[in-house]
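Each value in this text was obtained by applying a stated rule to the coordinates, not by laboratory testing. All values reported here derive from a predicted model rather than from experimental measurement. Don't worry about glycine lacking a Cβ; one is built from the backbone with ideal geometry, like all the others, and counts go over all protein chains shown.
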Amino acid sequence: MTDVFTVTVDGVDSSTLHGRVHVINPDLPFVPQEASFPLALLTDAWFLLAGGHLYSGGGMPPRRDLYPFREERGKTIVAGMRLSDEFQRLHARKDFSRRAPKVITDHSTGPLRNVPLWSEVAALDSAADPWDEEDLAELAELEGAADLSDWRTWALLTTRPFTKWPYADIVVTVSDPGYLEHMTAGMRWSTAVAWDR
């Protein structure tokens, strides 16, 4: 599966997680609003840590994964989680959609930031792959924020450092702090998980 988001954890305070979701794929140019989305992210992080797949330096450039502990420490944290069995069931997608509102008691997603303007897309000057006249004429007529599902927007984004890619701030509150035991500030990983409708 192709990665569609990169998730960064900025902080965890008891039952609340603060973070960011970067849009990294034009196939899913928005951040889902459903409660099942943050639960899918928590379950994905649990699965990656359990298998030793979340460590600093993994992932695709320029958005390398980050994990503030050694790989073995992540496995130990997951193995000792009070709700480890619950995550095993969630990962198997047993009652996932039904469980989401009981686990995620509150969540909010901010507006997308770092979305380039059409004028910035039109100004992209690439000697290797210049815009043809038809594209330039069409881009000249467009105003405001660029469409994140348009390939021309991604031609621009891929020239920027990852920190300048589109993202939304997220805040997630869970019913039990045990659902966040495996999460820590400084984590970052790319995921193919979108959400379970």
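Counting residues in the stretch 132-185 as N, plug N into 2.2 N^0.38 Å and put the Cα Rg over that result. Provide the component values of the computation, followed by the final result.
Details: Rg = 18.7 Å, N = 54, 2.2 N^0.38 = 10.0 Å.
Dividing the Cα Rg of the stretch 132-185 by 2.2 N^0.38 Å gives 1.87.
Overall, the chain carries a charge dipole of about 1320 debye about its Cα centre when +1 sits on the Cβ of Lys and Arg and -1 on the Cβ of Asp and Glu, all other atoms neutral. Taking the convex hull of the alpha carbon positions in the stretch 27-78 and averaging its projected area over all directions gives 4.5 nm². Kirkwood radius and radius of gyration were both taken over the C-alpha atoms of the stretch 69-119, and their ratio Rg/Rh is 1.20. The modelled label-to-label distance between ALA92 and SER15, using points 7 Å beyond Cα along the C-beta direction, is 2.7 nm. Of the options TRP131, SER149, TRP46, report the single residue whose Cα projects farthest towards the positive end of the charge dipole of the chain (beta-carbon charges: Lys, Arg +1; Asp, Glu -1). Of the candidates, TRP46 comes out farthest on the positive side.
Charges at C-beta only: +1 for Lys and Arg, -1 for Asp and Glu. How large is the resulting dipole of the stretch 88-180 about its Cα centre, in Debye rounded to 20? Write out the running numbers ahead of the final one.
On the way: 10 positive and 16 negative charges, 273 e Å.
The calculation lands at about 1320 debye.
Between GLU138 and ASP27, the modelled labels are 2.2 nm apart [label points 7 Å from Cα along Cα→Cβ]. Just name one of GLY110, VAL12, TRP165: the one whose Cα is farthest towards the positive end of the charge dipole of the chain (beta-carbon charges, Lys/Arg +1, Asp/Glu -1). Of GLY110, VAL12, TRP165, it is VAL12. Taking MET183, MET60, MET81 in turn, the Gaussian network model of the chain (Cα-Cα springs below 10 Å) assigns the largest fluctuation to MET60.
Of ALA140, ALA168, ALA35, which is the most mobile in a GNM of the chain whose springs link Cα atoms less than 10 angstrom apart? So, out of ALA140, ALA168, ALA35, the one fluctuating most is ALA140. Per residue, the Cα convex hull of the chain amounts to 119 Å³.
The P(r) of the stretch 87-197 has a tail past 17 Å containing 68 percent of all C-alpha pairs.
Computed about its Cα centre, the charge dipole of the stretch 32-127 is approximately 400 debye, with only Lys, Arg, Asp and Glu carrying charge at their Cβ. If the elastic network links every pair of Cα atoms under 10 Å, which of ASP13, ASP135, ASP169 fluctuates the most in the Gaussian network model of the chain? The residue that fluctuates most here is ASP135. Applying 0.36 nm per residue to the separation of ASP129 and ASP85 and subtracting their alpha-carbon distance, the gain on full extension is 10.7 nm.
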